[in-house]
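J.: My structure is below; once you've seen it, I'll send some questions.
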Amino acid sequence: MSDHLAPRACVAGSPVAHSRSPLIHNFWLRSLGIAGRYDRAEVPPGAFAQFAESIGKDGLVGANVTVPHKENAFTACDKLTANAAELGAVNTLWREKGALCGDNTDSAGFLANLDEQAPGWASAVEQVVVIGAGGAARAVVSALLARRAERIAIVNRTLERAERLAAHFGPAASAHVPAALPRLLARARLLVNASSLGMAGQPPLDVDVGLLPAQAIVADLVYVPLETPLLAAAKARGLRAVEGLGMLLHQAAPGFERWFGARPVVTSELRALIETDLARAGERRP
Ligand code: NAP
């Protein structure tokens, strides 16, 4: 098959230059021997509808969607998976019999990463603390409830946002201000940072992991730097620490399978490729 006819997918966003999705998908295309390609598409605000129209034409079999278009993608879809409908945001698009279809793979990516890096975590996860109340926190809370977490405390700078999230998910979820963290951490078996705090260029996340029980697991969705100060502190205390890069890699797999017809695997080689790229960009240590 010539390159022109080979299936192609892309990540649509603005800005999109920093996205590691092309590295991930092109690695899988190469290692599975599939003729295809995956590009970046800079889609400015206001141009999403036109971009969505192009899916299914000229070899474009689908797309990932990133900031600021995840809600636009949700609105543009004719069909949604249950997860995308639950989260109100779409990060994976494809077309079926003319209909634009959307999925959200963040919850699946979060769970696959936690299963891989902290096997058995779900057997003792009565109390969870989730920091943040944006799109990522929503995907995390949904995923944790699917795995029968009993109580999820959502802690956020803007309390109203945490309250809206907690109300959406029902009585298992509750909303708190950051000042409540010391009390909440003392009983938490799993702490998840789903805020932007601790990311390179953002303020640090001020959490005392010394307050967590000795069996607690600490997960950070931030992957730039790869080892956030939160994870470093958790490791220093002997707690199980789960980094965010694995979620990025695992959330990419369902889209690849839909577009290119083969289930890819998150290997140590792929992980090393992305780690090297992050380090090269000078982002590993801000
Ligand atoms: P978002 O919708 O913009 O939400 C950002 C969250 O961080 C909000 O809860 C916000 O609180 C909080 N926050 C931001 N700046 C803050 C500050 N200075 N002080 C206190 N709180 C602050 O973003 P998102 O899409 O949910 O993403 C959140 C993080 O998860 C990002 O770092 C993103 O890179 C990461 N992420 C990683 C993956 C992965 O695959 N590993 C996937 C998705 C997201 P307010 O509500 O008060 O503004």
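J.: For the pair D115/T276, report the inter-label distance in nm, with labels modelled 7 Å from Cα in the Cβ direction.
T.: Simple spin-label model gives 2.9 nm for this pair.
J.: For segment 117-126, in order, what is each residue's ³J(HN,Hα) by Karplus, 6.51 cos²θ - 1.76 cosθ + 1.60 with θ = phi - 60°, in whole Hz (x at glycine and Pro)?
T.: The phi angles translate into 8, 9, x, x, 4, 6, 6, 9, 9, 4 Hz.
J.: What's the tally of Lys pairs in the chain whose alpha-carbon atoms lie under 29 angstrom apart, where the two lysines are 8 or more places apart or on different chains?
T.: Lysine pair count for the chain: 6.
J.: Now a separate question. Give, as ranges by residue number, the residues of segment 180-216 whose backbone N falls under 18 Å from the point 7 Å along Cα→Cβ of S123.
T.: Label zone hits: 189-190, 214-216.
J.: How big is the shadow of the Cα convex hull of segment 218-269, averaged over all directions, in nm²?
T.: Mean projected area for segment 218-269: 4.2 nm², to one decimal.
J.: Along its three principal axes, how long is the chain when you only count alpha carbons? Whole Å, largest extent first please.
T.: Rounded to whole Å, the extents work out to 59, 38, 34 Å.
J.: Note the full-extension length gain between R164 and L32 as 0.36 nm times their separation in residues minus their Cα-Cα distance, in nm to one decimal.
T.: Between R164 and L32, full extension yields 43.2 nm more.
J.: Among Q202, Q127, Q117, which one shows the highest mean-square fluctuation when the chain is modelled as a Gaussian network with alpha-carbon springs under 10 Å?
T.: Q202
J.: If you add up the charges near A139, with Lys and Arg at +1 and Asp and Glu at -1, over every other residue whose beta carbon is less than 10 angstrom from its beta carbon, what do you get?
T.: -1
J.: How far apart, in nm, are the 7 Å Cα→Cβ label points at S196 and R183?
T.: Label-label distance for S196 and R183, simple model: 3.0 nm.
J.: State the answer as a single residue: which of W121, A241, T228 lies farthest towards the positive end of the charge dipole of segment 108-243, with beta carbon charges of +1 for Lys and Arg and -1 for Asp and Glu, about the Cα centre.
T.: With unit charges placed on the Cβ atoms, the residue in question is W121.
J.: With +1 on each Lys and Arg Cβ and -1 on each Asp and Glu Cβ, and nothing else charged, work out how big the dipole of segment 108-243 is about its Cα centre, in Debye to the nearest 20.
T.: Details: 13 positive and 11 negative charges, 57 e Å.
Computed charge dipole of segment 108-243: roughly 280 debye.
J.: Which value in nm describes the separation of the simple spin-label points at E269 and K235, placed 7 Å from the Cα toward the beta carbon?
T.: A separation of 2.5 nm, rounded to one decimal place.
J.: Shifting gears a bit: Hey, how many Å between the Cα centroid of segment 209-255 and the Cα centroid of segment 142-176?
T.: Going from one Cα centre to the other spans 20 Å.
J.: To the nearest 20 Debye, how big is the dipole of the chain about its Cα centre, given +1 on the beta carbon of each Lys and Arg and -1 on that of each Asp and Glu?
T.: Charge dipole of the chain: 300 debye, to the nearest 20.
J.: Report Rg/Rh for segment 108-243, rounded to two decimals, where Rg is the Cα radius of gyration and Rh the Kirkwood radius. Could the numbers behind the result be given before it?
T.: Working: Rg = 13.3 Å, Rh = 14.5 Å.
Answer for segment 108-243: 0.92.
Values quoted throughout were computed directly from the atomic coordinates according to the rules given, and no laboratory measurement underlies them. Being a predicted model, the structure only gives us computed values, none of them experimental. Glycine gets a Cβ as well: all are built from the backbone with ideal geometry, and neighbour counts include every protein chain shown.
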